[in-house]
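Student: Here it is: the structure, laid out below.
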Amino acid sequence: GPICQRKPLPRLHQDSSTIRPDLNPKMPSAPGVRQYDNIDRASIYGFEIGLQQPMPWQLVARIDAAAQVGKNLVSGEPLPEIPPVDLRATLWGSYFKDRLRPSLFVRYVLKQERISSEFGETATPAFWLMDLDITYATFQWLSLSGGIRNLFDMAYYEHLNRRMVGTSGNLYEPGRSFFVVLRFKV
């Protein structure tokens, strides 16, 4: 039957920083100066949940969701560096006594508009990805895997990625990529 599980969220530090436009950076290429402070009162709520279900034709489907909301209770602003809602779906199969294992992975991340202006965050757009891979185990000690990451070559960046130093541009993740892996177990 279906499996539903909760996983603990990583503990977030309740500190933050504010951009100090009144201070000049020591290096001319630095984007600015930040002052880090502890937050006296903050709240963080969130969840992670997953559901796994066997399907016909020796397939298994899994859906996962994760969300967090954080608020600085002193300033009323959202806490910085809170990831957006992340939804994931995986479908995989097991054939020929688990020697052949194909899988399909889809990820959808909602836009993040709950941002801290004090921290200098900017909103990030939603994105979705699809990956395909297949593994064939020729022997117990040897397997060959291959696949495609970011199948539709989506241009995207994660909310928690840092900007490149000295630029205002976003740090994009890789586009479509192909991989082949040969594994030996000793």
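The values are calculated or read from the model by the stated rules, or taken from the named source; none is laboratory data. Because the structure is predicted, anything quoted here is derived from the model rather than measured. Don't worry about glycine lacking a Cβ; one is built from the backbone with ideal geometry, like all the others, and counts go over all protein chains shown. Side chains are part of the model used for accessible areas, which takes the heavy atoms of the whole protein and leaves out ligands, DNA and RNA. Shrake-Rupley method; radii C 1.70, N 1.55, O 1.52, S 1.80 Å.
Student: Sorting F184, F105 by accessible area (1.4 Å probe), largest first, what list results?
Tutor: Accessible-area ranking of F184, F105, largest first: F184, F105.
Student: Shifting gears a bit: Quick one: net charge around V33, please, counting Lys, Arg +1 and Asp, Glu -1 for every other residue with C-beta under 10 Å from its C-beta.
Tutor: Neighbourhood net charge equals +2.
Student: Over the heavy atoms of S94, what accessible area does a 1.4 Å probe trace out, to the nearest 10 Å²?
Tutor: Taking all protein chains as shown, S94 has close to 40 Å².
Student: Which distance in nm do the two modelled labels at A65 and R183 give, with both placed 7 Å along the Cα-to-Cβ direction?
Tutor: The modelled label-to-label distance comes out at 3.1 nm.
Student: Of Y45, Y172, which has the most accessible area and how do the rest follow, probe 1.4 Å?
Tutor: Putting Y45, Y172 in descending order of accessible area: Y45, Y172.
Student: What does a probe at Q52 reach in segment 104-123, counting residues whose amide N is under 19 Å from the point 7 Å along Cα→Cβ?
Tutor: Answer for segment 104-123: 104-107.
Student: If you don't mind, there's one more thing I want to ask. When Rg is the radius of gyration of the Cα atoms in segment 73-186 and Rh is its Kirkwood radius, what does Rg/Rh come to?
Tutor: Radius of gyration relative to Kirkwood radius: 1.14.
Student: Scan segment 112-186 for GluC sites (Glu not before Pro) in coil per DSSP, keeping those whose Cβ has at most 12 other Cβ atoms within 10 Å, and list them by number.
Tutor: Qualifying residues, ordered by number: E113.
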